[in-house]
Amino acid sequence: IGVLTNIGEAHNEGFESKWAKLDEKIKLFKHTEFVVCPYELGDLLKSKLKAKIFTWGKQADADLCAVIQQKEQGTVVKLNYNQQNANMQFDYMDMAAIQNALSCTAVMLVLGYDLTDILNRIKHLSKIEMRLQLVNGINRCSLIDDSYSADLASLTMALDFLNQQNQYHKRCLILSDLVETGKEEGQLYAEIAQLLKEKQLNKLIGVGEQLLAHQHLFDLETYFFAKTSDLIAALPQLGLHDETILVKGARKFAFEQIVEKLSAKAHETVLEINLNALLDNLQYYRSQLKPDTKIMAMVKAFSYGSGSYEIANVLQYHKVDYLAVAYADEGLDLRKAGIELPIMVMSPEPSAFEAMLAYRLEPEIYSLELLQEFLSVLPADTIDFPIHLKIDTGMHRLGFEAQHWAVLAERLVQDNRIKIKSIFSHLVASEDAQQDEFTLVQVRVFETAYQQISSILGYQPLRHLLNTSGITRWGAYQYDMVRLGLGLQGFDSAIPATSTLLKPIATLRTSITQIKELAANETVGYGRRGMLPKGGKLATVKIGYADGYSRAFGNGKGQMLIQNKRVHTVGSICMDMCMLDVSGLDVQVGDEVFVFNEQLRVDELAAHIGTIPYELLTSISQRVKRVYFYE
């Protein structure tokens with residue numbers, strides 16, 4: 001039996017269309033007797049395969065007719081199969097999960113199960129988080145929460161993610177027995193032991209009778225416990241500190257209790273970073289480049305608020321060529337977290353030059369004075385230390401102007417302690433069609449500068465000019481390298497917000513602290529600036545300007561999402577909280593509130609207060625907990 005769950009947008013890269021991708025997927029089913037698929041794919045599969053096709057969908061002639069109705073309290077699916085009618089009910093509204101349940105139902109029908117029996121079993125299923133999360137742990141640990149399931153395949157993937165983390169040298173796995181794998185126990189745990197050896201794990205903490213019985217198979221630092229409660233009691237004695245810990249367990253072991261104990265306590269307002277979306281955005285820009293064009297990823301300002309080593313680790317693993325930071329301190333933090341990629345520092349301070357030399361951070365040099373200061377601290381026996389030259393082609397912020405190019409090149413030739421790694425400039429308005437003539441002027445100035453300097457040097461450093469929007473609109477000038485910044489976050493001024501080419505990676509959410517009923521014309525907040533003229537319901541939520549939610553969002557300019565409905569701010573934004581008009585909504589204390597996500601985008605919110613996405617993203621304070629997830 002083959003099961004084709006959907007043909008969506010995932011993994012489109014490398015295919016001319018999703019239908020070309022479907023043709024490749026169909027090849028997987030060449031030797032199957034049955035194929036279960038959504039109704040809209042049925043005719044195509046029948047034309048290409050000899051298998052019997054079983055379809056599900058809302059159409060009356062589908063083998064399993066399933067009409068999905070979403071209600072406030074969940075989802076009802078009205079089923080018809082062989083003239084049998086039945087209802088399938090879920091207390092959630094996630095369409096992907098519901099469609100997976102329909103695929104499962106269809107497979108069981110093909111296998112001959114009775115529809116009533118299927119429904120009795122499916123109603124016991126609960127929606128689970130099918131993703132792993134990276135959060136800050138206690139005692140300077142990083143914690144990877146993958147506690148929803150345990151099988152050999154997902155363990156392998158989780159260990160690969162663990163090995164992407166370079167911030168600590170020690171890597172620890174907390175693992176439960178693997179149940180219902182179909183493998184004989186001795187064989188299963190021998191395979192796991194070999195896997196941990198291959199992944200170079202430092203420590204294993206095992207929970208369960210099976211792991212206890214097979215502990216002799218593991219050749220590394222180990223601790224074993226019969227029950228989850230035994231491990232929790234022993235946690236203070238295990239001395240977990242300065243390490244990356246992967247928590248991987250079958251649901252019956254309730255490892256969420258361990259995650260709770262090991263997680264650093266934090267403010268309930270959370271910024272979630274979708275690493276899958278980050279990689280999709282990276283792949284999109286790679287698809288716009290020639291195969292030999294390098295990528296410098298901009299991770300300055302805490303990766304635009306998204307994180308430091310957490311983002312850099314992913315980019316390093318997926319083989320970007322360079323990283324760029326604003327100041328030396330940012331680069332030092334990345335080096336201390338195990339990042340080995342070349343790092344350019346865009347605003348190097350002379351007081352940090354010695355540290356930059358020690359940590360192999362490459363300065364941007366933008367003036368003769370800065371060059372002289374750097375040379376003054378460079379040891380005499382240094383050879384070919386890499387630096388980057390910034391050319392001012394029209395931004396008039398930093399960079400060498402034309403009258404300095406020849407003098408600069410002559411000085412560089414005279415000193416073999418340094419090597420020019422790249423020559424670059426910055427486009428002023430690459431996204432703006434009205435400024436295209438000026439952009440072309442910048443291109444000509446840059447090419448003239450590069451030619452003059454490189455001809456004196458006698459070699460050709462890397463060239464880079466394009467930023468995120470430049471990659472989109474000026475691909476002819478990608479030269480040797482491009483600098484990718486906000487595009488990784490899912491925003492590109494040259495791509496319409498309605499486009500699906502990019503995916504915003506960040507979701508900022510908080511929760512309701514208190515709910516009040518207000519009479520008509522009662523005032524709200526500092527200065528009595530807020531009011532519900534007709535009275536109504538007010539919710540106070542746990543985010544304020546100290547978290548990075550700008551005071552400009554006060555008095556109705558700000559919007560948030562509760563129960564997929566937009567609600568407006570009331571009164572001034574406070575330091576640690578703000579108030580929302582939730583009149584007409586059935587809300588409770590503790591309910592989730594989205595400050596921004598894919599539906600309420602950062603660029604839209606920025607436009608409401610006359611700013612740009614950069615400012616909103618980089619304003620999110622460090623007290624806001626960051627959670628990184630990978631599906």
**Output for the stretch 551-569, where each listed residue is open to solvent by less than 40 Å² (accessible area, probe 1.4 Å) and either within 13 Å of SER619 (Cα to Cα) or under 24 Å from the mean Cα position of the chain (by Cα) (or both)** = GLN559, MET560, LEU561, ILE562
**Asked** Does LEU204 fit the bill of being touching a Phe, Trp or Tyr at 6+ places or on another chain (Cβ under 9 Å), at pLDDT 90 or above and either closer than 23 Å to LYS252 by Cβ or part of a strand (DSSP E or B) (or both)?
**Response** yes
**Item:** Lone qualifier among ILE68, ILE53 - being under 30 Å from ALA277 (Cα atoms), in contact with a strand residue (DSSP E or B) (Cβ under 8 Å, 6 or more places away or on another chain), in a strand (DSSP E or B) and aliphatic (A, V, I, L, M)
**Value:** ILE68
**Message:** Under 6 Å between Cβ atoms, which residue pairs at least 6 apart in sequence (or on different chains) link something in the stretch 290-317 that is farther than 19 Å from SER422 by Cα and hydroxyl-bearing (Ser, Thr, Tyr) with a partner that is modelled with pLDDT under 85 and open to solvent by 40 Å² or more (accessible area, probe 1.4 Å)?
**Reply:** SER308/PHE302
**Fill in**
Considering the stretch 147-168, residues that are modelled with pLDDT under 85 and surrounded by fewer than 22 Cβ atoms within 10 Å (Cβ to Cβ), and then whichever is nearest to GLN257 (Cα to Cα), we arrive at TYR148
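Would you pick out the residues in the stretch 193-212 that are without any contact (Cβ under 8 Å) to a residue 24 or more places away in the chain and either over 30 Å from GLU340 (Cα atoms) or open to solvent by less than 10 Å² (accessible area, probe 1.4 Å) (or both)?
Once the filter is applied, which keeps residues that are without any contact (Cβ under 8 Å) to a residue 24 or more places away in the chain and either over 30 Å from GLU340 (Cα atoms) or open to solvent by less than 10 Å² (accessible area, probe 1.4 Å) (or both), the stretch 193-212 yields only LEU212.
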**Request:** Output the residue which, of all residues in the stretch 410-439 that are buried (at least 21 other Cβ atoms within 10 Å of the Cβ) and touching a residue at least 40 places away in the same chain (Cβ under 8 Å), is nearest to THR468 (Cα to Cα).
**Result:** SER430
**Fill in**
Of the listed residues (HIS396, HIS404), the one being open to solvent by 70 Å² or more (accessible area, probe 1.4 Å) and either under 30 Å from TRP474 (Cβ atoms) or in a strand (DSSP E or B) (or both) is HIS396
**Asked** List pairs: first in the stretch 597-614 and assigned to a helix (DSSP H, G or I), second among the small types (Gly, Ala, Ser), Cβ under 8 Å, 6+ apart or cross-chain?
**Response** VAL602/ALA506; ASP603/ALA497; GLU604/ALA497; LEU605/GLY558; HIS608/GLY558; PRO613/ALA606
**Prompt:** If you check ASP160, ASP146, which single one turns out to be of a type in the set (Asp, Glu) and either closer than 24 Å to HIS267 by Cα or free of Cβ contacts under 8 Å to residues at least 12 places away in the same chain (or both)?
**Reply:** ASP146
**Fill in**
Filtering the stretch 40-62 down to residues that are at pLDDT 95 or above and of a type in the set (Ser, Thr, Tyr) yields THR55
**Message:** So ARG444 ticks every box in (1) among the basic types (Lys, Arg); (2) open to solvent by less than 50 Å² (accessible area, probe 1.4 Å); (3) farther than 27 Å from GLU615 by Cα but one. Which box is left unticked?
**Reply:** (2)
**Request:** Would you check which residues across the stretch 252-273 are on the phi < 0 side of the Ramachandran plot and either open to solvent by 30 Å² or more (accessible area, probe 1.4 Å) or in a loop (DSSP other than H, G, I, E, B) (or both) and list them?
**Result:** LYS252, PHE255, GLU256, GLN257, GLU260, LYS261, ALA264, LYS265, ALA266, HIS267, GLU268, THR269
**Fill in**
Listed by first then second residue, the pairs whose first member lies in the stretch 174-192 and is at pLDDT below 90, whose partner is not in a loop (DSSP other than H, G, I, E, B), with beta carbons under 7 Å and at least 6 positions apart or on separate chains, are LEU178/LEU152; LEU178/LEU188; THR181/LEU152; THR181/LEU188
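Please enumerate the residues belonging to the stretch 59-88 that are open to solvent by 50 Å² or more (accessible area, probe 1.4 Å), within 39 Å of the chain's Cα centre (by Cα) and under 17 Å from VAL107 (Cα atoms).
Within the stretch 59-88, ASP63 is the sole residue that qualifies.
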**Prompt:** Within the stretch 454-484, which residues are within 29 Å of ASP384 (Cβ to Cβ), out of contact with any His (no Cβ under 9 Å at 6 or more places or on another chain) and surrounded by fewer than 22 Cβ atoms within 10 Å (Cβ to Cβ)?
**Reply:** SER454, SER455, ILE456, LEU457, GLY458, TYR459, GLN460, ARG463, TYR477
**Item:** Selection status of LEU289, of a type outside the set (D, E, K, R), at pLDDT 90 or above and not in a loop (DSSP other than H, G, I, E, B)
**Value:** no
**Message:** So ALA153 passes all but one of these: (1) in contact (Cβ under 8 Å) with a residue 12 or more places away in the chain; (2) part of a helix (DSSP H, G or I). Which condition number does it fail?
**Reply:** (1)
**Asked** When you look at GLU185, is it out of contact with any Phe, Trp or Tyr (no Cβ under 6 Å at 6 or more places or on another chain) and at negative phi, yes or no?
**Response** yes
**Request:** Among the numbered conditions (1) open to solvent by 60 Å² or more (accessible area, probe 1.4 Å); (2) outside any strand (DSSP E or B), tell me where SER572 comes up short.
**Result:** (1)
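The values are calculated or read from the model by the stated rules, or taken from the named source; none is laboratory data. In this text the structure is predicted, and so the values were computed from the model without any measurement. Positions of Cβ are backbone-derived with ideal geometry, glycine not excepted, and every protein chain shown enters the neighbour counts. Note: accessible area is taken over every heavy atom of the protein model, side chains too, but ligands, DNA and RNA are not part of it. Shrake-Rupley method; radii C 1.70, N 1.55, O 1.52, S 1.80 Å.
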